[in-house]
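First comes the structure, then the notes that go with it.
Just so it is clear, none of the values below were taken in a lab; they were calculated from the coordinates. The model shown is predicted, which means the values in this text are computed figures rather than measured ones. Quick reminder, even Gly has a Cβ in these numbers, built from the backbone with ideal geometry, and neighbours come from all protein chains shown.
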Amino acid sequence: MISQEQIARFDATKIGWQTDDSARLAAAFEQDGFLLIDNFATDAECASLRDRTDQLIDNFDAEANQVVFSASGQSHAASDYFMESAADISCFLEAGAVDESGRLIKPKARAVNKIGHALHDLDPVFAPFSRQEKFKHLVSALKMHSPLLLQSMVICKQPFIGGEVNSHQDSTFLYTSPESCIGLWLALEPATKDNGCMWAARGGHKASLKHRFHRQGDEMVMTSLSDEALADCTTPLEADTGTLVVLHGRLPHLSHENTSDTSRYAYALHLIDGACDYPADNWLQRPASLPLSGF
Ligand SMILES: O=C(O)CCC(=O)C(=O)O
């Protein structure tokens, strides 16, 4: 069993991108399947992304769009709202925020589970933030040669109601051939064991991809690719405001529900390598009017 103390933590303010630091990042990523990089974003940047999130929630018409986000990806998957969020900024509600008829039973400000999936292209605050050189340097250090910004989300984990995210591998949902997905998960406020920080199966990215979530006609299906069980997520990835957690596309990770009285906003940006094949049956398909782009 590897102890917590041995987990490498990097400090973004001390990383030299054109130096051996890049090789050290790549080696830790290869070994663990994740990286923890403190101070990747400033407090001011995180505050501005949090404020923008609250504005988006405020502008959201929760009566017209009563779509609950399901971590298993099944119940909402067939909905046009979910598919169209690939090229939109859409709010998804917490299961506990609506009654059986889908009516909101919690204050809207506390009812949104997540916002996605094209903030990085469409939002005037999230888009410039997402295209900064520091992200480009980071994925280049991790040997992604033709990065494409595929998907972005704010995950709110609101106090008392923020739902769990089951253990999964991101390549299940954002598949390429060969696999290339990298997740960049930024803590916009402290993420602790109390308010539902992420947990990972350290080194679990070396196992196979267990599932693929894909279109089949008008349906979305989860196809099993391997009988191997996902490794247990026993490593907590606690993060201060501004800490970036980098996730290998095959790394099993999860987060528990938030039963505390503090929110846990995070911004997650997922990239793929444009040199890889992007299947036409992946859930996330962009219209010709909004093609994917890099930095
Ligand atoms: O923020 C969370 O709790 C889960 C996020 C996640 O699974 C991801 O970004 O891939």
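For the charge dipole of the chain, defined by +1 on Lys and Arg C-beta atoms and -1 on Asp and Glu C-beta atoms about the Cα centroid, which residue among Leu119, Leu142, Pro287 has the Cα displaced farthest towards the positive pole?
Highest projection toward the positive end goes to Leu142.
Under a GNM of the chain (C-alpha, springs under 10 Å), which listed residue has the highest mean-square fluctuation: His248, His145, His205?
Highest fluctuation among the options: His145.
Using Cβ contacts closer than 10 Å as the measure, can you line up Val221, Val98 from fewest to most?
Details: Val221 14, Val98 18.
Ranked by crowding around the Cβ, least crowded first: Val221, Val98.
Looking at region 105-195, which GluC sites (Glu not before Pro) are DSSP coil and have at most 16 other C-beta atoms within 10 Å of their C-beta?
Those satisfying the criteria are Glu164.
Check the straight Cα-Cα distances from Lys106 and name the aspartates and glutamates below 20 Å, setting aside those fewer than 8 residues away within the same chain.
Asp54, Asp58, Asp61, Glu63, Glu94, Glu164, Glu257, Asp261
Relative to the Cα centre, what is the charge dipole magnitude of the chain, using +1 at the beta carbon of each Lys and Arg, -1 at the beta carbon of each Asp and Glu, and rounding to the nearest 20 debye? Write down the numbers at each step before the final one.
Values: 24 positive and 40 negative charges, 81 e Å.
That gives the chain a dipole magnitude of about 380 debye.
So which GluC sites (Glu not before Pro) in region 187-282 are both in a DSSP loop and have at most 11 other Cβ atoms within 10 Å of their Cβ?
Loop-located and lightly packed - Glu228.
Can you give the % of DSSP beta bridges in the chain that are antiparallel, to the nearest 5?
Roughly 95 percent of the beta bridges in the chain run antiparallel, per DSSP.
What residue among Gly163, Gly96, Gly217 shows peak mean-square fluctuation when the chain is described by a Gaussian network model with Cα springs under 10 Å?
Answer for the Gaussian network model of the chain: Gly217.
Can you tell me, using C-alpha contacts under 8 Å and at least 6 residues apart, the relative contact order of region 10-273 as a whole percent? Show your work: numbers first, answer last.
Numbers: 595 pairs, mean separation 70.9, N = 264.
Taking the mean separation of contacting Cα pairs over the length of region 10-273, I get 27 percent.
For region 10-273, what is Rg from Cα atoms divided by 2.2 N^0.38 Å, rounded to two decimals? Write out the running numbers ahead of the final one.
Details: Rg = 17.6 Å, N = 264, 2.2 N^0.38 = 18.3 Å.
Rounded to two decimals, the normalised Rg is 0.96.
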